[in-house]
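A short worksheet on the structure shown next.
The values are calculated or read from the model by the stated rules, or taken from the named source; none is laboratory data. Here the structure is a predicted model, which is why all the values come from computation and not from measurement. Heads up, the Cβs are rebuilt from the backbone with ideal geometry, glycines too, and the neighbour counts pull from every protein chain shown.
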Amino acid sequence: MCGGLVSSIAMCDSNDVAASTYLPNALSGHASARVFLYDTTPGGIGLAETIFDNIEELWRRALKAIETCQCAQGCPSCIQAGRRGREAGFKKSDAKTVLDGLLGTWLHY
C-alpha cells in the first residue's frame, strides 16, 4: 500500500523499494500489524534511511489515498491490491486500521 508512494518521499523509482505488510493472525502467530519497507538494491543506497526519516509523511499520504478513493473494498489505486501479487486478501478497511494505528489517529475518535 505504501510502496507506490515511496517514490514521492525518497525521489526514487517505485521498484527501488519493496514493501511487506502483515496483519495479526492467530494461525501465523503474528500478534501485531507490521509494515516493512526496504531498499531493493543489494547493500542499499540509503532509501530505507530516507523513508524512515519521513515515515509519518508517508503514512499520512497513504491514509489520504485510501480515504479519498471512491472504491469500496480496496483497489490498485489506493492499496495496490492485486498489483504484482501484492496485498492478496488485504482490504481497504484493514489498511486504514493499520495506518490509523501507526499515526495514532484512532486516539482522537
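The table for this structure:
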{"item": "Any hit, the stretch 67-84, residues being at pLDDT 85 or above, over 11 Å from the mean Cα position of the chain (by Cα), among the β-branched types (Val, Ile, Thr) and farther than 20 Å from Asn25 by Cα", "result": "yes"}
{"item": "Val98 being at pLDDT 80 or above and either among the β-branched types (Val, Ile, Thr) or on the phi > 0 side of the Ramachandran plot (or both)", "result": "yes"}
{"item": "The stretch 61-72: number of residues that are in a loop (DSSP other than H, G, I, E, B) and either surrounded by 14 or more Cβ atoms within 10 Å (Cβ to Cβ) or not polar (S, T, N, Q) (or both)", "result": "3"}
{"item": "Top-ranked residue in the stretch 5-28 [being in contact (Cβ under 8 Å) with a residue 60 or more places away in the chain and either small (Gly, Ala, Ser) or touching a strand residue (DSSP E or B) at 6+ places or on another chain (Cβ under 8 Å) (or both); ranked as nearest to Ala48 (Cα to Cα)]", "result": "Ala19"}
{"item": "Residues being modelled with pLDDT under 80, more than 12 Å from the chain's Cα centre (by Cα) and either within 20 Å of Ile79 (Cα to Cα) or surrounded by 12 or more Cβ atoms within 10 Å (Cβ to Cβ) (or both) - total across the stretch 24-60", "result": "4"}
{"item": "Flag for Cys12 being at pLDDT 80 or above and of a type outside the set (Phe, Trp, Tyr)", "result": "yes"}
{"item": "Failed item, numbered, when Ala31 is tested on (1) without any contact (Cβ under 8 Å) to a residue 40 or more places away in the chain; (2) in contact with a helix residue (DSSP H, G or I) (Cβ under 7 Å, 6 or more places away or on another chain)", "result": "(2)"}
